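Colleague: Following this message is one structure expressed as structure tokens.
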Amino acid sequence: MSAISRRAAGLAAVLLCAGVLAGCAAPASESAAGPTPEPESLAASTTLDANRREPIDPEYLTQLAVAAERAANYWQTVLDENTIRYITTRVGMSGVVDPADDEEAADLLDNTDAGSGTDYRTKIDDGEAFLVKVSFYVVYSPEADYGGTQYPDGTNSIYVFTPVDDARPCEAISGWYSTDSTAAIPELSDEARELNLNEWQHTMLVHQCRALAAAGITDFAAPADWTEEQTAYYLAARSRDYGPNLLGFTAEQANRLLTIDFTAEDDWSSNARFFAIDWPGTTATADDLPETPAYTWAYANNNGTITATGSVDGTPAVQYTFSIYNGSDLKWDARTVCTGGKSL
């Protein structure tokens, strides 16, 4: 069975981007005219007819659009499920790719099938599925950057295997592709702007306050003032911002986390500042945390000192203070540094 013609795919892309058909924009939104309905014939057959692969066939172009939109929705869901790792996730254009005309796509399919024993290329060539290239934009959370990332942030793309039968799931079958060498700068929120912070600093501030409150920590000048239980609780609470890889702390991991939150030092990747190398660690998890008060937070910048006041039912109950570290050439390591807390 013949592959999708370059002219058909090209025309579909033009129509998609012009808004004639749905599927090229971010998946969560709908055009003013509403989503493009799937043609009734799709319910009758899940395999494309080669004779329908004409660039002027509106039903086939609709199938391309539906596949592009479905792949984009799928990838946005994947990003949303891993939202802990990102400040920003935004899926952009998506479009069906013909491996007969795209060397990168052909190599991906052939190498994947050869290495994994799959038959993606055969199913695409037989009209049972589409290969969709989805572009997207991400900005990592500062915690994700501290932990190390596999792919660059900014504008990337990924290939999604998209069956014609929508009862079968989509599947990302590639890593991320990026040609963007420009560092991604997160959009500045109103809250960050009011505090004269960048978005990385504001994100850290919110996460640090949340962890301190969840651990039940109030009066202190440094982590050395905490009880063993409070230390374990803070590590467990703060680890939620880093992901599951930090649970079951070693001394190296615990030192890294506290160095980031409580100093402006840049040796966070390896030190013994808070815990000796032979520290036995803690196995506390988020499930062990006490019930967190329902604080409402008010933040202020007083001549370079950030105060975060937590109130319950309008009554101030706790206040944490932070200095501002503007970061190194890494840029994303700009953060707030906690300098203490007190009950009110």
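The values are calculated or read from the model by the stated rules, or taken from the named source; none is laboratory data. Everything quoted here is computed from the prediction, not taken from an experiment. Counting neighbours? That spans all protein chains shown, and the Cβs are built from the backbone with ideal geometry, glycine included. Each accessible area value is taken on the protein alone, full model and side chains, heavy atoms only, with ligands, DNA and RNA left out. Shrake-Rupley method; radii C 1.70, N 1.55, O 1.52, S 1.80 Å.
Colleague: Could you tell me whether T162 is assigned to a loop (DSSP other than H, G, I, E, B), farther than 30 Å from S270 by Cα and open to solvent by less than 50 Å² (accessible area, probe 1.4 Å)?
Modeller: Working: assigned to a loop (DSSP other than H, G, I, E, B): no; farther than 30 Å from S270 by Cα: yes; open to solvent by less than 50 Å² (accessible area, probe 1.4 Å): yes.
Here the answer is no, as T162 does not meet what is asked.
Colleague: Name the residue that is nearest to G340 (Cα to Cα), counting only residues in the stretch 261-283 that are of a type in the set (D, E) and free of Cβ contacts under 8 Å to residues at least 24 places away in the same chain.
Modeller: The selected residue is E265.
Colleague: Looking at D287, D261, which one is open to solvent by 50 Å² or more (accessible area, probe 1.4 Å), part of a helix (DSSP H, G or I) and not small (G, A, S)?
Modeller: D287
Colleague: Name the single residue, out of those in the stretch 290-320 being open to solvent by less than 40 Å² (accessible area, probe 1.4 Å) and of a type in the set (S, T, Y), that is nearest to L235 (Cα to Cα).
Modeller: Among residues in the stretch 290-320 that are open to solvent by less than 40 Å² (accessible area, probe 1.4 Å) and of a type in the set (S, T, Y), the one nearest to L235 (Cα to Cα) is Y320.
Yes/no matrix, rows are residues, columns are (1) over 30 Å from A251 (Cβ atoms); (2) touching a helix residue (DSSP H, G or I) at 6+ places or on another chain (Cβ under 6 Å):
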{"position": "A286", "(1), (2)": "no, yes"}
{"position": "Y295", "(1), (2)": "yes, yes"}
{"position": "V312", "(1), (2)": "yes, no"}
{"position": "D329", "(1), (2)": "no, no"}
{"position": "D333", "(1), (2)": "no, no"}
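To keep it simple, each residue is scored yes or no on (1) modelled with pLDDT of 95 or more; (2) open to solvent by 70 Å² or more (accessible area, probe 1.4 Å); (3) closer than 23 Å to T203 by Cα; (4) assigned to a loop (DSSP other than H, G, I, E, B).
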site	(1), (2), (3), (4)
A232	no, no, yes, no
L235	no, no, yes, no
Y242	no, no, yes, yes
W268	no, no, yes, yes
D278	no, yes, no, yes
F322	yes, no, yes, no
G327	no, no, yes, yes
W332	no, no, yes, yes
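Colleague: Sort out which residues of the stretch 82-113 are under 18 Å from the mean Cα position of the chain (by Cα) and farther than 17 Å from N156 by Cβ, and write them in order of number.
Modeller: Selection gives I84 alone.
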